[in-house]
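S.K.: Structure below; questions to follow.
The values are calculated or read from the model by the stated rules, or taken from the named source; none is laboratory data. Please read these numbers as outputs of a predicted model, since none were measured by experiment. Positions of Cβ are backbone-derived with ideal geometry, glycine not excepted, and every protein chain shown enters the neighbour counts. For the accessible areas, the whole protein counts, side chains as well, though only heavy atoms, and no ligand, DNA or RNA atoms are used. Shrake-Rupley method; radii C 1.70, N 1.55, O 1.52, S 1.80 Å.
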Amino acid sequence: FTLANGLKVILLKDDRLPLVEARLSLKAGRTAEDPGEEALAAAAASLLLKGAGAEDGAAVTRGFLKLGYGLEIEPGTENLNLSAQGLARNAEAFFRRLALVLSQASYPEAELALWKENTLQRLKDLRNNPRFLSSEKLNEELFGAHPYGRGVPTEAQLAKMSSDGLREFHRRRV
């Protein structure tokens with residue numbers, strides 16, 4: 001079935017265990033980035049649980065854990081993939097909490113600053129890896145201006161990234 005907001009839902013029921021497993025795939029991967037937005041999808045995925053509404057990241061995580069749910073978020077080339085598993089008796093509260101995160105992600109500046117610092121260090125390491133450099137060049141040649149052909153972000157692109165930009169990307173794509 002499809003929800004009013006266009007989200008397609010596939011429901012499989014199995015009463016053998018009192019668990020719920022949920023998977024959500026949103027068109028918010030690297031291919032959703034506009035030129036110059038390299039790494040925005042990765043940042044959005046990495047920071048999604050770092051704050052929502054009035055809650056900070058610790059409170060968001062604690063809220064899911066109290067319900068007996070584990071949550072994983074992975075940025076992909078095409079999609080942002082979210083998977084969760086938890087107690088069936090708390091499913092309704094879990095989905096309400098998930099809706100809060102998806103509708104009110106705050107992307108705090110301090111968390112973004114830490115993410116950018118860590119990403120810059122990873123980029124420096126990658127830039128010293130010949131295998132990575134050749135792969136990046138090959139993708140550029142094969143795919144050109146298509147998102148598959150874009151490399152990792154530059155330091156300037158990372159420096160430009162802001163919480164407001166993440167919230168705008170989230171609003172458009174999530």
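S.K.: Can you work out which of the residues in segment 2-24 that are open to solvent by 100 Å² or more (accessible area, probe 1.4 Å) and within 24 Å of the chain's Cα centre (by Cα) is nearest to Val174 (Cα to Cα)?
M.R.: Asn5
S.K.: Free of Cβ contacts under 8 Å to residues at least 24 places away in the same chain, over 19 Å from the mean Cα position of the chain (by Cα) and open to solvent by 30 Å² or more (accessible area, probe 1.4 Å): does that describe Glu117?
M.R.: no
S.K.: Applying the selection to segment 64-95, what residues are open to solvent by less than 50 Å² (accessible area, probe 1.4 Å), of a type outside the set (S, T, N, Q) and closer than 21 Å to Leu47 by Cβ?
M.R.: Phe64, Tyr69, Gly70, Leu71, Ile73, Gly76, Leu80, Leu82, Ala84, Phe94
S.K.: Quick one: is Ala110 assigned to a helix (DSSP H, G or I), exposed (fewer than 15 other Cβ atoms within 10 Å of the Cβ), at pLDDT 95 or above and not charged (D, E, K, R)?
M.R.: Taking the combined requirement at face value, the residue satisfies it.
S.K.: Among the residues of segment 34-62, what is the count of those that are of a type in the set (A, V, I, L, M), open to solvent by less than 60 Å² (accessible area, probe 1.4 Å) and either out of contact with any Pro (no Cβ under 6 Å at 6 or more places or on another chain) or under 10 Å from Ala105 (Cα atoms) (or both)?
M.R.: Qualifying residue count, segment 34-62: 10.
S.K.: To continue, here is another question. Can you tell me which of Gly51, Gly63 is at pLDDT 95 or above and touching a Ser or Thr at 6+ places or on another chain (Cβ under 8 Å)?
M.R.: Gly51
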